[in-house]
Each structure stands twice: as C-alpha cells, then as structure tokens.
1. Look through the range 128-171, keep the residues that are in contact (Cβ under 8 Å) with a residue 12 or more places away in the chain and basic (Lys, Arg), and return whichever of them is farthest from Ala101 (Cα to Cα).
2. Looking only at residues in the range 106-121 that are closer than 20 Å to Gly59 by Cα and modelled with pLDDT under 90, which one is surrounded by the fewest Cβ atoms within 10 Å (Cβ to Cβ)?
3. Scan the range 172-189 and report the pairs whose first residue is at pLDDT below 95 and whose second residue is aromatic (Phe, Trp, Tyr), with Cβ atoms within less than 9 Å and a gap of 6+ or a chain change.
4. Within the range 86-97, does at least one residue satisfy the condition of being farther than 22 Å from Ala208 by Cβ, surrounded by fewer than 19 Cβ atoms within 10 Å (Cβ to Cβ) and in contact with a Pro (Cβ under 6 Å, 6 or more places away or on another chain)?
5. Please tell me if Gly67 is at pLDDT 90 or above and under 13 Å from the mean Cα position of the chain (by Cα).
6. With the checklist (1) within 17 Å of the chain's Cα centre (by Cα); (2) buried (at least 19 other Cβ atoms within 10 Å of the Cβ); (3) under 25 Å from Arg44 (Cβ atoms) in hand, flag the one item Gly59 doesn't pass.
7. If we scan the range 198-213, do we find a residue that is more than 16 Å from the chain's Cα centre (by Cα), part of a helix (DSSP H, G or I) and more than 16 Å from Gly123 (Cβ to Cβ)?
Amino acid sequence: MNRSESPSAPSRRTRRIVLLSLAILGAACAAFVVRRPLMMAAPRCLAGRWHGCYDTENGVVLMTLVGLPLAALAAWSLSSRRRAVGVASAGRMSLAEVGLAYGTAPFVWLTLMPGPGAGIVAGRVSLVPLRDLVTMGPLGIGGNLLIFAALGFFAPLRFAALASVPRVLALGAACSALVETAQYVLRLDRVSSVDDVLVNATGAALAALASRRWWRTTAEPAADQPRPAPAPAG
C-alpha cells in the first residue's frame, strides 16, 4: 500500500471545504456592506415587480445574492447526475458550468441596462485608450474588473483549450467588445469605450490566474463520457 497517496482525498476535501467557506464568508461580508442599498429594492423584488427590481442595479444584485442557494443546488444536481453515470471530474465540470453562467449573466445584464436617454440619444464611442479610466473611479474600475471575472475563473476549469492566460484575455476582450457593440447598436444611452474592453479583459485574466492551480490542463478525452466498465479477466 502506498501510504503517501492515502491522505490525498481528505486533503482535497478539506481544501474544498475551506474554499467554499471562504466564498460564503466573502459573499456574506459583501452583502453586509451593501445591505442598505439592497434593502431599498427588496420590497419590489419580493413582490415580483419588474420595475424597481430587475431594472435597477440594487435589485439585480439583491436577486443574484438571493439566488445563490439555487445555483449551488443546480451545481450539486448536475454533479450527482454525472457521478451516477461515471463521468470523470463531475464536480469540477458542474461547478465550473454553473459558476461561469451564474457569475457572468448578472454583470452583463447590468452592463446592458438602458440609461434615461435610451432610444433617444445616439450611440457614443470612445476609442482613445486610457482616457476614460480617470472618470471611472475606483468603484467603476472594480465593477468593470468583475464583469467577466467568473468567465476567466471558471472557463479554464471547464475547457482545456482555454487553460492559458492569453486565451482567457482574448476571450474576455472579445466578449466585452460584443457587449460594447450591443450598447452602441441598441442605443442604450451608454458610452462604448475601449477602456471598458481593456479593464473587462484584465479582470478575466486576473481571475484566470486566481484559478490556475485547478485548471483542466489536459484534454481528458473521456472526461465528458461515462467511464467504460473494466474488461473481465480472461
């Protein structure tokens, strides 16, 4: 028996528990910090009203936090179904898929939220790099870094082809460019800025670095398929 390999499973389980606990603690701290503005949208969100909830930043953030248990349940359900049929890396795949989608969609929704002059004012474009960074401020820069952070963090965990910081950077830039183009074409009363693309892509790359130790670095051709039954001894 190889004694050096026996503690590996418990240690991985411990690391997962610690990371999950830290994530829950971080979400709780963030919710505590922004509790007052979130509570302003709570009555309309809990009443199921679209106006005042899903068309406001506070409402979208509140409902995203409220939906976290459902996202965790979806990841657990996907993982259980995959484990039942013998899919390798079921937990990582399921967590990455749910985290990528659930962590990105609310931020994209906020980015595409129309301003007061939507449909009236013409689209505005800013193509001079670094000019808009001064007007963003710390809060604006932090928000832009988070828009595709979930994409950068979870995509390399799910897809071996994206297990590279330059590729995640390019993916983040491409997704951001699509969002900025949509803002201009739909006349959402927002400025389509090249600085937004740069900061969004940087956020994706930084998040990818944070998850680097868990990347799916090999193709694992059988990872998405049930494991074959062992051949009978002849």
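The values are calculated or read from the model by the stated rules, or taken from the named source; none is laboratory data. Keep in mind that this is a model prediction, so the values were computed, not measured. Reconstructed Cβ throughout: ideal geometry from the backbone, glycine too, with neighbour counts over all protein chains shown.
1. Arg131
2. Ranking the qualifying residues of the range 106-121, first place goes to Pro116.
3. none
4. yes
5. For Gly67, the condition - at pLDDT 90 or above and under 13 Å from the mean Cα position of the chain (by Cα) - is not met.
6. Of (1) within 17 Å of the chain's Cα centre (by Cα); (2) buried (at least 19 other Cβ atoms within 10 Å of the Cβ); (3) under 25 Å from Arg44 (Cβ atoms), only one is false for Gly59: (1).
7. Quick first cut of the range 198-213, residues more than 16 Å from the chain's Cα centre (by Cα) only: 198, 213.
Imposing the further condition that a residue be part of a helix (DSSP H, G or I) reduces the set to 198, 213.
Next cut, more than 16 Å from Gly123 (Cβ to Cβ) only: 198, 213.
Yes: one or more hits.
Conditions (1) buried (at least 22 other Cβ atoms within 10 Å of the Cβ); (2) among the hydrophobic types (A, V, I, L, M, F, W, C); (3) within 30 Å of Arg92 (Cα to Cα), marked per residue:
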position: Val134; (1), (2), (3): no, yes, no
position: Gly143; (1), (2), (3): no, no, yes
position: Ala150; (1), (2), (3): yes, yes, yes
position: Ala160; (1), (2), (3): no, yes, yes
position: Pro166; (1), (2), (3): no, no, yes
